[in-house]
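The values are calculated or read from the model by the stated rules, or taken from the named source; none is laboratory data. Source: prediction; values computed, not measured. In this analysis, Cβ positions are derived from the backbone assuming ideal geometry, glycine residues included, and neighbour counts consider all displayed protein chains. Areas reflect the complete protein model, heavy atoms only, side chains present, ligands, DNA and RNA absent. Shrake-Rupley method; radii C 1.70, N 1.55, O 1.52, S 1.80 Å.
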Amino acid sequence: MNHSGHCFLIVLYNQKLSTSPAYQSLKPQLLTGDNLIVYDNSPVSMLDVKAENFVYFHDVTNTGLATAYNFAVQKCRETGHQWLTIFDQDTRIPTGFHHDVTEAITSSNAITVLVPQITLEDGTSLSPFWIEDALFVHYPAKDQKTLAAINSGMTLNLATFSTDEELFDDRYPLDFLDYVFFKRLQAENKRVSQLPITLIQSLSLSDFRTMSQKRFESFQFAESRFVTEFYPQLINQYHLRVMLRLAKQLLKRVQWPKLKVMLQVVGGKTS
C-alpha cells in the first residue's frame, strides 16, 4: 500500500454536506494526496457543494453504516491508501487533528487502530470506553475487558487487515457495529492506540424520550443480540442492567412502547 496520503470518510444522513460539522472542520485540514469520501445514506441527495476532489456516493437504500464503511475500505484499497479515518456528519474535528494523526502513524508501525478522545457537547466523556462496563452491573475482575471506541474519529491501518475480507459486520448495520469491530480486534490480538486529542460529538441516543420508536428498537435489540452472541454466560447480568435502565426511564416518563421493548429484551427477545 501507498504510505503517502490518507483517506477520510464522512457518512451523511439527511443533512446537507455544506452544513455538516465534520465536513466544515475537516475540509481546511486536507492535504494534497488525501482522499475524501462522502457516503450519503439519505433518501434524497444531500450534496450541495461541487463534487470536486472527493468521491461522492449516494445510497438511497440506506443499508447502514457497515455498508458505508466497507465501501470506503474498498475505495482505499483500490487507490492504495493505507490509512482511513471515519467520521459521523456531526463530529466537530479540532484544528490540528490531521497533523496529530499523521505524527502518530508515522512514528509507529505497530498501530492497527488509532482512536481519539470523544466527548459530548456538555463535556461528558463518550469514548474510548470498556465494553463490559457499559453492559454489565458487575463484570468478573479476573476476566479481560475490551477497550472500544465509537466509530467516528477512528483511524484504521488497512495494511494490518486481510485484503480479502470486509472489516465491518453487516449483521450490525448501525448500532453496536463499533462493539463488534473492537471485539474482533481483541480476538485477533490487534493493538488499539489512543490519540491525546478531543473531538466533540452529538449523540442521537443521549435521550430516549426524543428518539423515534424505530430508532430505539434498533438500538435495544442490537444490544441484546450483541450480548447474546458475545457474552451468553452473562445474559442474566445484562438483563439486570436493562431492568435498571427501565426503572430509570420510567422515572423520566419515557413512552410506554419503549418500556415495553425493554421488557421484551429482559424476556429474551433480540429482534
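Between Lys16 and Gln144, what's the calculated FRET efficiency when r is the beta-carbon distance and R0 is 35 Å? Round to 0.05.
0.20
Kindly report the accessible area of the chain per residue (heavy atoms of protein chains, probe 1.4 Å, no ligands, DNA or RNA), in Å².
That works out to 48 Å² for each residue.
Springs between alpha-carbon pairs under 10 angstrom, Gaussian network model over the chain: which of Val55, Val113, Val11 fluctuates most?
Among Val55, Val113, Val11, the largest mean-square fluctuation in the Gaussian network model of the chain belongs to Val55.
Could you pull out the pairs from Lys214/Lys252; Lys145/Lys183; Lys214/Lys258; Lys16/Lys214; Lys142/Lys183 whose alpha carbons sit more than 21 Å apart here?
Lys16/Lys214
Roughly how far apart, in whole Å, are the Cα centres of the range 160-199 and the range 228-242?
Between the Cα centre of the range 160-199 and that of the range 228-242, the gap is 21 Å.
Run the quick spin-label model on Gln29 and Thr124: label points 7 Å from Cα toward the beta carbon, then report their separation in nm to one decimal.
For Gln29 paired with Thr124, the spin-label model returns 2.4 nm.
Computed on alpha carbon atoms, what radius of gyration and Dmax characterise the range 1-74, expressed in Å?
Rg then Dmax for the range 1-74, in Å: 12.2, 36.
Could you check the simple spin-label distance between Asn189 and Leu174, using points 7 Å along Cα→Cβ, in nm with one decimal?
For Asn189 paired with Leu174, the spin-label model returns 3.8 nm.
For the range 56-126, what class follows from the C-alpha gyration tensor (a ≥ b ≥ c being the square roots of its eigenvalues): rounded when a/c is under 1.5, otherwise prolate if a/b is larger than b/c, else oblate?
Judged from the Cα gyration tensor, the range 56-126 comes out oblate (a/c at least 1.5, b/c at or above a/b).
Distance in nm between label sites at Ile197 and Lys214, each 7 Å beyond Cα in the beta-carbon direction?
Spacing of the two 7 Å Cα→Cβ label points: 3.6 nm.
Just one of (i) 53, 44, 36; (ii) 65, 41, 37; (iii) 51, 48, 42 is Cα extents along the principal axes in Å calculated from these coordinates, so which is it?
(i)
Protein chains only, probe 1.4 Å: how do Trp256, Trp130 rank by accessible area, largest first?
Correct descending sequence by accessible area is Trp256, Trp130.
Give me the percent of DSSP beta bridges within the range 24-178 that run antiparallel, rounded to the nearest 5.
65 percent
May I ask you to evaluate 6.51 cos²θ - 1.76 cosθ + 1.60, the Karplus curve with θ = phi - 60°, for each residue of the range 18-34 and list the ³J(HN,Hα) values in order in whole Hz, giving x for glycine and proline?
So the J values, rounded to whole Hz, are 5, 9, 5, x, 5, 5, 4, 8, 8, 3, x, 8, 5, 10, 4, x, 6.
Compare the Cα positions of Thr270, Cys76, Val113 along the charge dipole of the chain (+1 at Cβ of Lys, Arg; -1 at Cβ of Asp, Glu; about the Cα centre) and return the one farthest towards the positive end.
After comparing all options, I get Thr270.
Is the range 117-239 rounded, prolate or oblate when judged by the Cα gyration tensor, a ≥ b ≥ c being the square roots of its eigenvalues, rounded requiring a/c under 1.5 and prolate requiring a/b larger than b/c?
The shape class here is rounded.
Quick check: with the 1.4 Å probe, what order do His99, His239, His6, His58 take by accessible area, largest first?
Result, largest first: His99, His58, His239, His6.
So what is log10(I(q)/I(0)) for the range 180-235 at q = 0.15, 0.16, 0.27 1/Å, when the Debye sum runs over its Cα atoms only?
Log10 of I(q)/I(0), two decimals: -0.73, -0.80, -1.01.
Would you mind telling me which residue in Arg184, Arg215, Arg253 has the biggest mean-square fluctuation in a Gaussian network model of the chain, where springs connect alpha carbons within a distance under 10 angstrom?
Maximum among the listed residues: Arg253.
Ignoring ligands, DNA and RNA, what percent of the 1.4 Å accessible area of the range 62-131 is carbon and sulfur?
Ligands and nucleic acids excluded, carbon and sulfur give 49 percent.
With springs only between Cα atoms under 10 Å, which of Glu188, Glu121, Glu223 fluctuates most in a Gaussian network model of the chain?
Of Glu188, Glu121, Glu223, the Gaussian network model singles out Glu188 as fluctuating most.
Dipole magnitude of the chain about its Cα centre, charges +1 at Lys/Arg Cβ and -1 at Asp/Glu Cβ only, in debye to the nearest 20?
1020 debye
Test of understanding: what is the full-extension gain from Ile235 to Trp256, defined as 0.36 nm times their sequence separation minus their Cα-Cα distance?
5.2 nm
Mind checking the full-extension length gain between Asn109 and Val44? Use 0.36 nm per residue of separation minus the Cα-Cα distance, one decimal, nm.
Value of the extension gain: 19.3 nm.
Using only protein heavy atoms and a 1.4 Å probe, report how much of Phe161 is accessible, in Å² to the nearest 10.
Looks like 10 Å² after rounding.
Please list Lys258, Lys16, Lys248, Lys183 from largest to smallest accessible area, probe radius 1.4 Å, with all protein chains kept in place.
The ordering from most to least exposed comes out as Lys248, Lys16, Lys183, Lys258.
Considering only the chain, what is the antiparallel percent among its DSSP beta bridges, to the nearest 5?
30 percent
Which whole number in µm²/s is D for the range 22-154 by Stokes-Einstein, with the Kirkwood Rh taken over Cα pairs at 37 °C and 0.692 mPa s?
Translational D for this selection: 193 µm²/s.
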